[in-house]
C-alpha cells in the first residue's frame, strides 16, 4: 500500500490550471492529465479528481452546497466549543459552591 502524500492547495490549483492550459496540446483531456501528472510527479488519477472537483466548483448549485457545508462545519465547531465552556463553568461553579460550604462549616 502506497504512502499518502499531501499536496498544498496552491500546488493543486497550479496543476488544474496546467491541465486546462495544455489541453489543446493533447488529443484528450485524459492525455493532458497524464502528461501534466508526469511532469509534476503526482498520479494521474489524483490530478483527474482535482480537475473534476474544480469543474464542479464552477456550478453555482455546487458552490452554494459547499458554502452551506462549510457553514455547518463552523457551527458544529462553535457548538462543541460552547459545550466545553459550559462544562468547565458548571464544574467551576460546583467547585466554588463546595468550597463555600466547607468554609461555612469551619
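Coordinate-derived values only; no laboratory data. Remember, predicted model here, so these are calculated numbers, not experimental data. In this analysis, Cβ positions are derived from the backbone assuming ideal geometry, glycine residues included, and neighbour counts consider all displayed protein chains.
Some notes on this structure:
For every residue, the table says whether it meets (1) free of Cβ contacts under 8 Å to residues at least 12 places away in the same chain; (2) surrounded by 15 or more Cβ atoms within 10 Å (Cβ to Cβ); (3) at negative phi.
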position	(1), (2), (3)
19	no, yes, yes
24	yes, no, yes
36	no, yes, yes
41	yes, no, no
48	no, yes, yes
55	yes, no, yes
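- Condition met for residue 81 (over 30 Å from residue 11 (Cβ atoms), exposed (fewer than 11 other Cβ atoms within 10 Å of the Cβ) and out of contact with any helix residue (DSSP H, G or I) (no Cβ under 8 Å at 6 or more places or on another chain)): yes
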